[in-house]
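The values are calculated or read from the model by the stated rules, or taken from the named source; none is laboratory data. Just so it is clear, the structure is predicted and the values come from calculations on it, not from any experiment. Cβ atoms come from the backbone with ideal geometry, glycine included; neighbour counts cover every protein chain shown. Keep in mind that these areas ignore ligands, DNA and RNA; they rest on the heavy atoms of the full protein, side chains included. Shrake-Rupley method; radii C 1.70, N 1.55, O 1.52, S 1.80 Å.
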Amino acid sequence: HADMAMYQAKEAGRNNFHFYTGAPTPLERRTLSIEQRLRRGVEGQGFQLVYQPIVDTHTGSVRGAEALLRWPQPDGDPIGPELFIPIAESVGVIQSLGRWVFGEVCKQVVQWQADGLPAITVAINVSPIQFRHQGFLPSLLNILRESGVNPGLISLELTESALIKDIDESVKTFSILREVGLSVALDDFGTGYSSLSQLARLPLDKLKIDRSFVKGIEGGGAGPPIVEAIIALGHTLNLEIVAEGVETQQDLAFLREKRCHQAQGYFIGRPMIGNAFFEWCTMNTPAASTPAQGMNNTG
Ligand code: C2E
Ligand code: MG
Ligand code: MG
Ligand code: MG
(Lines give C-alpha, C1' and ligand atoms only; values in the text may rest on other atoms or scores of the structure.)
(Ligands and ions follow the chains in the order given, each with its own letter.)
Protein backbone atom coordinates (compact mmCIF):
# COMPACT_ATOMS: atom_id res chain seq x y z
CA HIS A 1 0.00 0.00 0.00
CA ALA A 2 2.96 2.27 0.41
CA ASP A 3 3.52 1.85 -3.32
CA MET A 4 -0.05 2.76 -3.99
CA ALA A 5 0.31 5.95 -2.02
CA MET A 6 3.41 6.70 -3.99
CA TYR A 7 1.71 6.35 -7.39
CA GLN A 8 -1.10 8.45 -6.15
CA ALA A 9 1.22 11.14 -4.94
CA LYS A 10 3.02 11.03 -8.27
CA GLU A 11 -0.10 11.45 -10.29
CA ALA A 12 -1.65 13.97 -7.98
CA GLY A 13 1.21 16.37 -8.32
CA ARG A 14 4.38 14.95 -6.89
CA ASN A 15 4.56 16.66 -3.52
CA ASN A 16 1.45 15.31 -1.95
CA PHE A 17 1.74 12.58 0.57
CA HIS A 18 -1.10 10.23 1.15
CA PHE A 19 -1.75 7.41 3.56
CA TYR A 20 -3.75 4.53 2.26
CA THR A 21 -6.77 4.02 4.43
CA GLY A 22 -9.97 2.08 3.93
CA ALA A 23 -11.73 1.67 0.59
CA PRO A 24 -9.70 2.38 -2.53
CA THR A 25 -10.37 5.61 -4.36
CA PRO A 26 -11.08 5.50 -8.11
CA LEU A 27 -7.46 6.43 -8.77
CA GLU A 28 -6.20 3.64 -6.53
CA ARG A 29 -8.45 1.17 -8.31
CA ARG A 30 -7.18 2.37 -11.65
CA THR A 31 -3.57 2.05 -10.55
CA LEU A 32 -4.20 -1.44 -9.24
CA SER A 33 -5.78 -2.52 -12.50
CA ILE A 34 -2.87 -1.09 -14.49
CA GLU A 35 -0.52 -2.98 -12.21
CA GLN A 36 -2.39 -6.25 -12.68
CA ARG A 37 -2.45 -5.91 -16.45
CA LEU A 38 1.24 -5.02 -16.53
CA ARG A 39 2.09 -8.05 -14.43
CA ARG A 40 0.15 -10.34 -16.74
CA GLY A 41 2.91 -9.99 -19.26
CA VAL A 42 4.13 -7.09 -21.24
CA GLU A 43 5.97 -8.70 -24.10
CA GLY A 44 4.55 -6.04 -26.32
CA GLN A 45 0.99 -7.08 -25.67
CA GLY A 46 -1.21 -4.17 -26.46
CA PHE A 47 1.64 -1.69 -26.63
CA GLN A 48 2.42 0.49 -29.58
CA LEU A 49 5.22 2.82 -30.59
CA VAL A 50 4.74 6.20 -32.17
CA TYR A 51 7.47 8.35 -33.69
CA GLN A 52 7.78 12.11 -33.37
CA PRO A 53 9.92 13.93 -35.96
CA ILE A 54 13.02 15.91 -35.03
CA VAL A 55 14.17 18.47 -37.60
CA ASP A 56 17.11 20.71 -38.34
CA THR A 57 16.15 24.21 -37.15
CA HIS A 58 17.78 25.84 -40.16
CA THR A 59 16.71 23.70 -43.08
CA GLY A 60 13.59 22.10 -41.64
CA SER A 61 14.68 18.74 -42.95
CA VAL A 62 14.12 15.67 -40.83
CA ARG A 63 17.10 14.55 -38.78
CA GLY A 64 15.51 11.98 -36.55
CA ALA A 65 12.59 10.79 -34.51
CA GLU A 66 11.83 9.96 -30.92
CA ALA A 67 10.09 6.65 -30.28
CA LEU A 68 7.32 7.07 -27.69
CA LEU A 69 5.41 4.26 -26.06
CA ARG A 70 1.61 4.11 -26.20
CA TRP A 71 -0.78 1.76 -24.45
CA PRO A 72 -4.20 1.95 -26.05
CA GLN A 73 -7.06 0.78 -23.82
CA PRO A 74 -10.18 -1.17 -24.73
CA ASP A 75 -12.29 1.50 -23.03
CA GLY A 76 -10.60 4.16 -25.15
CA ASP A 77 -9.31 6.02 -22.08
CA PRO A 78 -5.58 6.13 -22.82
CA ILE A 79 -2.97 5.60 -20.14
CA GLY A 80 0.10 7.75 -20.75
CA PRO A 81 3.71 6.67 -20.24
CA GLU A 82 4.12 9.18 -17.45
CA LEU A 83 1.66 7.06 -15.46
CA PHE A 84 2.43 3.51 -16.54
CA ILE A 85 6.25 3.67 -16.80
CA PRO A 86 6.69 4.28 -13.03
CA ILE A 87 4.27 1.44 -12.35
CA ALA A 88 6.14 -0.85 -14.75
CA GLU A 89 9.31 0.06 -12.87
CA SER A 90 7.90 -0.73 -9.47
CA VAL A 91 6.29 -4.05 -10.41
CA GLY A 92 9.49 -5.18 -12.12
CA VAL A 93 8.37 -5.39 -15.74
CA ILE A 94 10.34 -2.41 -17.03
CA GLN A 95 13.15 -4.68 -18.25
CA SER A 96 10.93 -6.74 -20.51
CA LEU A 97 8.95 -3.71 -21.65
CA GLY A 98 12.21 -1.91 -22.42
CA ARG A 99 13.53 -4.90 -24.36
CA TRP A 100 10.34 -4.97 -26.40
CA VAL A 101 10.67 -1.26 -27.20
CA PHE A 102 14.30 -1.66 -28.20
CA GLY A 103 13.56 -4.65 -30.45
CA GLU A 104 10.62 -2.91 -32.12
CA VAL A 105 12.58 0.24 -32.85
CA CYS A 106 15.51 -1.73 -34.30
CA LYS A 107 13.10 -3.65 -36.55
CA GLN A 108 11.41 -0.44 -37.63
CA VAL A 109 14.70 1.27 -38.45
CA VAL A 110 15.86 -1.72 -40.53
CA GLN A 111 12.52 -1.62 -42.37
CA TRP A 112 12.71 2.13 -43.01
CA GLN A 113 16.21 1.76 -44.40
CA ALA A 114 15.03 -1.04 -46.70
CA ASP A 115 12.19 1.25 -47.83
CA GLY A 116 14.66 3.99 -48.68
CA LEU A 117 14.28 6.41 -45.79
CA PRO A 118 17.36 8.65 -45.41
CA ALA A 119 19.71 7.79 -42.55
CA ILE A 120 18.02 9.48 -39.61
CA THR A 121 18.57 8.80 -35.91
CA VAL A 122 15.80 7.24 -33.87
CA ALA A 123 15.86 7.98 -30.14
CA ILE A 124 14.74 5.50 -27.50
CA ASN A 125 13.90 6.50 -23.91
CA VAL A 126 15.56 4.43 -21.22
CA SER A 127 14.20 4.50 -17.69
CA PRO A 128 16.66 4.98 -14.80
CA ILE A 129 15.76 1.60 -13.30
CA GLN A 130 16.17 -0.11 -16.65
CA PHE A 131 19.56 1.55 -17.11
CA ARG A 132 20.87 0.54 -13.72
CA HIS A 133 19.80 -3.09 -14.07
CA GLN A 134 22.80 -5.37 -14.61
CA GLY A 135 21.12 -7.09 -17.56
CA PHE A 136 20.60 -3.82 -19.43
CA LEU A 137 23.78 -3.66 -21.48
CA PRO A 138 24.04 -7.36 -22.49
CA SER A 139 20.42 -7.58 -23.58
CA LEU A 140 20.66 -4.34 -25.53
CA LEU A 141 23.79 -5.50 -27.34
CA ASN A 142 22.07 -8.78 -28.11
CA ILE A 143 18.99 -7.17 -29.63
CA LEU A 144 21.20 -4.79 -31.59
CA ARG A 145 23.19 -7.68 -33.06
CA GLU A 146 20.16 -9.82 -33.85
CA SER A 147 18.32 -7.01 -35.59
CA GLY A 148 21.25 -6.19 -37.83
CA VAL A 149 20.48 -2.49 -37.46
CA ASN A 150 23.15 0.13 -38.04
CA PRO A 151 23.86 1.27 -34.44
CA GLY A 152 24.67 4.74 -35.77
CA LEU A 153 20.96 5.20 -36.39
CA ILE A 154 19.98 4.61 -32.78
CA SER A 155 20.31 7.00 -29.89
CA LEU A 156 19.40 6.51 -26.24
CA GLU A 157 17.76 9.18 -24.08
CA LEU A 158 18.41 9.24 -20.35
CA THR A 159 17.57 11.76 -17.68
CA GLU A 160 20.06 13.14 -15.19
CA SER A 161 18.49 11.23 -12.34
CA ALA A 162 19.35 7.99 -14.14
CA LEU A 163 23.01 8.88 -14.30
CA ILE A 164 24.15 10.69 -11.21
CA LYS A 165 23.33 7.93 -8.71
CA ASP A 166 26.45 6.20 -9.91
CA ILE A 167 28.30 8.55 -12.16
CA ASP A 168 31.35 6.30 -12.58
CA GLU A 169 29.21 3.39 -13.70
CA SER A 170 27.28 5.67 -16.06
CA VAL A 171 30.49 6.94 -17.62
CA LYS A 172 31.59 3.33 -18.24
CA THR A 173 28.28 2.25 -19.72
CA PHE A 174 28.12 5.32 -21.97
CA SER A 175 31.62 4.65 -23.23
CA ILE A 176 30.64 1.12 -24.21
CA LEU A 177 27.44 2.27 -25.89
CA ARG A 178 29.33 4.84 -27.91
CA GLU A 179 32.06 2.36 -28.86
CA VAL A 180 29.32 0.19 -30.30
CA GLY A 181 28.19 3.19 -32.35
CA LEU A 182 25.07 4.32 -30.52
CA SER A 183 24.68 7.94 -29.51
CA VAL A 184 23.58 9.13 -26.11
CA ALA A 185 21.38 12.09 -25.18
CA LEU A 186 20.67 13.73 -21.87
CA ASP A 187 16.87 14.11 -21.75
CA ASP A 188 14.85 16.83 -20.01
CA PHE A 189 18.00 18.82 -19.38
CA GLY A 190 17.71 21.48 -16.69
CA THR A 191 15.09 19.73 -14.60
CA GLY A 192 17.52 17.62 -12.54
CA TYR A 193 19.91 18.53 -9.82
CA SER A 194 23.22 17.21 -11.06
CA SER A 195 26.23 19.46 -10.91
CA LEU A 196 27.74 20.68 -14.12
CA SER A 197 31.08 19.15 -13.18
CA GLN A 198 29.42 15.74 -13.01
CA LEU A 199 27.66 16.25 -16.31
CA ALA A 200 30.86 17.34 -18.00
CA ARG A 201 32.34 13.93 -17.17
CA LEU A 202 29.67 12.07 -19.12
CA PRO A 203 30.60 11.08 -22.66
CA LEU A 204 27.46 12.56 -24.25
CA ASP A 205 26.40 13.34 -27.80
CA LYS A 206 23.27 15.39 -27.27
CA LEU A 207 21.46 17.62 -24.84
CA LYS A 208 17.68 17.84 -24.95
CA ILE A 209 16.24 21.05 -23.56
CA ASP A 210 13.21 20.25 -21.45
CA ARG A 211 9.80 21.23 -22.70
CA SER A 212 9.13 23.39 -19.63
CA PHE A 213 11.86 25.83 -20.69
CA VAL A 214 10.84 25.87 -24.32
CA LYS A 215 7.33 26.66 -23.18
CA GLY A 216 8.74 29.76 -21.50
CA ILE A 217 10.12 31.22 -24.73
CA GLU A 218 6.83 32.82 -25.69
CA GLY A 219 6.06 34.13 -22.25
CA GLY A 220 9.29 36.13 -22.07
CA GLY A 221 10.55 36.54 -18.51
CA ALA A 222 13.13 33.99 -17.44
CA GLY A 223 12.24 31.57 -20.26
CA PRO A 224 14.31 32.90 -23.16
CA PRO A 225 17.52 33.56 -21.16
CA ILE A 226 17.39 30.05 -19.69
CA VAL A 227 16.99 28.45 -23.09
CA GLU A 228 19.78 30.61 -24.41
CA ALA A 229 22.06 29.64 -21.51
CA ILE A 230 21.41 25.92 -22.08
CA ILE A 231 22.15 26.30 -25.78
CA ALA A 232 25.39 28.13 -24.95
CA LEU A 233 26.37 25.36 -22.54
CA GLY A 234 25.69 22.77 -25.23
CA HIS A 235 27.94 24.63 -27.66
CA THR A 236 30.69 24.87 -25.05
CA LEU A 237 30.53 21.15 -24.38
CA ASN A 238 30.41 20.48 -28.11
CA LEU A 239 27.06 18.73 -27.93
CA GLU A 240 24.21 18.56 -30.36
CA ILE A 241 21.30 20.52 -28.88
CA VAL A 242 17.71 19.46 -29.36
CA ALA A 243 14.72 21.44 -28.07
CA GLU A 244 11.57 19.49 -27.24
CA GLY A 245 8.04 20.85 -26.95
CA VAL A 246 8.31 23.35 -29.81
CA GLU A 247 4.71 24.45 -30.22
CA THR A 248 4.88 27.73 -32.14
CA GLN A 249 6.66 29.38 -35.00
CA GLN A 250 7.99 31.92 -32.53
CA ASP A 251 9.65 29.13 -30.48
CA LEU A 252 11.27 27.73 -33.58
CA ALA A 253 12.48 31.13 -34.80
CA PHE A 254 14.04 31.87 -31.41
CA LEU A 255 15.77 28.49 -31.28
CA ARG A 256 17.15 28.91 -34.78
CA GLU A 257 18.43 32.38 -34.02
CA LYS A 258 20.17 31.10 -30.88
CA ARG A 259 21.73 28.26 -32.84
CA CYS A 260 19.90 25.36 -31.29
CA HIS A 261 20.55 22.59 -33.81
CA GLN A 262 17.36 20.56 -33.76
CA ALA A 263 13.73 20.89 -32.78
CA GLN A 264 10.88 18.57 -31.87
CA GLY A 265 7.30 19.47 -31.00
CA TYR A 266 3.69 19.76 -32.07
CA PHE A 267 4.50 22.72 -34.35
CA ILE A 268 6.73 20.41 -36.38
CA GLY A 269 4.88 17.13 -36.06
CA ARG A 270 2.87 15.03 -33.63
CA PRO A 271 4.01 11.56 -32.64
CA MET A 272 2.69 9.13 -35.30
CA ILE A 273 2.73 5.44 -36.12
CA GLY A 274 5.60 4.09 -38.22
CA ASN A 275 3.87 4.21 -41.62
CA ALA A 276 2.59 7.71 -41.06
CA PHE A 277 6.06 8.82 -40.03
CA PHE A 278 7.51 7.38 -43.23
CA GLU A 279 4.91 9.31 -45.24
CA TRP A 280 5.66 12.45 -43.26
CA CYS A 281 9.35 12.15 -44.11
CA THR A 282 8.60 11.74 -47.78
CA MET A 283 6.62 14.99 -47.69
CA ASN A 284 9.33 16.69 -45.65
CA THR A 285 12.22 15.91 -48.00
CA PRO A 286 13.39 19.32 -49.27
CA ALA A 287 13.95 17.75 -52.71
CA ALA A 288 10.23 17.00 -52.88
CA SER A 289 9.73 20.77 -52.50
CA THR A 290 6.80 20.13 -50.20
CA PRO A 291 7.68 21.60 -46.83
CA ALA A 292 6.15 19.80 -43.93
CA GLN A 293 3.11 21.31 -42.39
CA GLY A 294 4.12 23.87 -39.82
CA MET A 295 7.52 24.51 -41.36
CA ASN A 296 6.16 27.03 -43.87
CA ASN A 297 6.61 30.75 -43.41
CA THR A 298 9.40 30.35 -40.93
CA GLY A 299 11.68 32.57 -42.99
P1 C2E B 1 10.17 12.63 -22.99
O2 C2E B 1 11.20 11.62 -23.32
O3 C2E B 1 10.66 13.94 -22.51
O4 C2E B 1 9.30 12.79 -24.32
C5 C2E B 1 8.74 13.98 -24.77
C6 C2E B 1 7.29 14.10 -24.38
O7 C2E B 1 6.80 15.37 -24.79
C8 C2E B 1 6.36 13.07 -25.05
O9 C2E B 1 5.29 12.78 -24.14
C10 C2E B 1 5.83 13.87 -26.25
O11 C2E B 1 4.61 13.36 -26.76
C12 C2E B 1 5.66 15.22 -25.60
N13 C2E B 1 5.67 16.32 -26.57
C14 C2E B 1 6.42 16.43 -27.68
N15 C2E B 1 6.21 17.61 -28.30
C16 C2E B 1 5.32 18.27 -27.54
C17 C2E B 1 4.69 19.59 -27.66
O18 C2E B 1 4.94 20.35 -28.57
N19 C2E B 1 3.82 19.93 -26.67
C20 C2E B 1 3.53 19.09 -25.63
N21 C2E B 1 2.67 19.51 -24.71
N22 C2E B 1 4.10 17.86 -25.50
C23 C2E B 1 4.98 17.46 -26.44
P24 C2E B 1 4.79 11.28 -23.90
O25 C2E B 1 4.80 10.55 -25.19
O26 C2E B 1 3.53 11.38 -23.11
O27 C2E B 1 5.93 10.66 -23.00
C28 C2E B 1 6.16 11.15 -21.72
C29 C2E B 1 7.43 10.58 -21.13
O30 C2E B 1 7.28 9.17 -20.94
C31 C2E B 1 8.64 10.74 -22.03
O32 C2E B 1 9.14 12.06 -21.89
C33 C2E B 1 9.53 9.65 -21.49
O34 C2E B 1 10.19 10.10 -20.34
C35 C2E B 1 8.53 8.58 -21.10
N36 C2E B 1 8.48 7.55 -22.17
C37 C2E B 1 7.81 7.55 -23.33
N38 C2E B 1 8.05 6.43 -24.04
C39 C2E B 1 8.93 5.69 -23.30
C40 C2E B 1 9.57 4.40 -23.49
O41 C2E B 1 9.46 3.72 -24.52
N42 C2E B 1 10.39 3.98 -22.47
C43 C2E B 1 10.59 4.73 -21.34
N44 C2E B 1 11.40 4.23 -20.40
N45 C2E B 1 10.01 5.93 -21.16
C46 C2E B 1 9.19 6.40 -22.11
MG1 MG C 1 12.83 11.52 -24.41
MG1 MG D 1 12.42 14.87 -22.99
MG1 MG E 1 10.07 15.05 -20.80
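Within segment 187-202, the residues that satisfy the criterion of being small (Gly, Ala, Ser), farther than 18 Å from GLU240 by Cα and more than 16 Å from ligand 1 (Cβ to nearest atom) are SER194, SER195, SER197.
Residue-by-condition table, conditions (1) in contact with a Leu (Cβ under 7 Å, 6 or more places away or on another chain); (2) not hydrophobic (A, V, I, L, M, F, W, C):
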residue: GLY98; (1), (2): no, yes
residue: TRP112; (1), (2): no, no
residue: ILE129; (1), (2): no, no
residue: SER139; (1), (2): no, yes
residue: ARG145; (1), (2): no, yes
residue: ILE154; (1), (2): yes, no
residue: PHE174; (1), (2): yes, no
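Each residue in segment 241-282 was checked for being open to solvent by 60 Å² or more (accessible area, probe 1.4 Å) and in a strand (DSSP E or B), and 0 pass. Reported count of residues in segment 49-97, each being among the aliphatic types (A, V, I, L, M), out of contact with any Phe, Trp or Tyr (no Cβ under 9 Å at 6 or more places or on another chain) and farther than 29 Å from CYS260 by Cα, is 5. What residue, among those in segment 106-129 that are within 16 Å of ligand 3 (Cβ to nearest atom) and buried (at least 19 other Cβ atoms within 10 Å of the Cβ), is farthest from the chain's Cα centre (by Cα)? Within segment 106-129, the match that is farthest from the chain's Cα centre (by Cα) is THR121.
Table: residues versus (1) at pLDDT below 95; (2) more than 16 Å from ligand 4 (Cβ to nearest atom); (3) under 22 Å from ALA88 (Cβ atoms); (4) aromatic (Phe, Trp, Tyr).
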{"site": "GLN108", "(1), (2), (3), (4)": "no, yes, yes, no"}
{"site": "PRO128", "(1), (2), (3), (4)": "yes, no, yes, no"}
{"site": "SER139", "(1), (2), (3), (4)": "no, yes, yes, no"}
{"site": "VAL149", "(1), (2), (3), (4)": "no, yes, no, no"}
{"site": "LEU156", "(1), (2), (3), (4)": "no, no, yes, no"}
{"site": "LEU163", "(1), (2), (3), (4)": "yes, no, yes, no"}
{"site": "ILE176", "(1), (2), (3), (4)": "no, yes, no, no"}
{"site": "GLN198", "(1), (2), (3), (4)": "yes, yes, no, no"}
{"site": "GLU218", "(1), (2), (3), (4)": "yes, yes, no, no"}
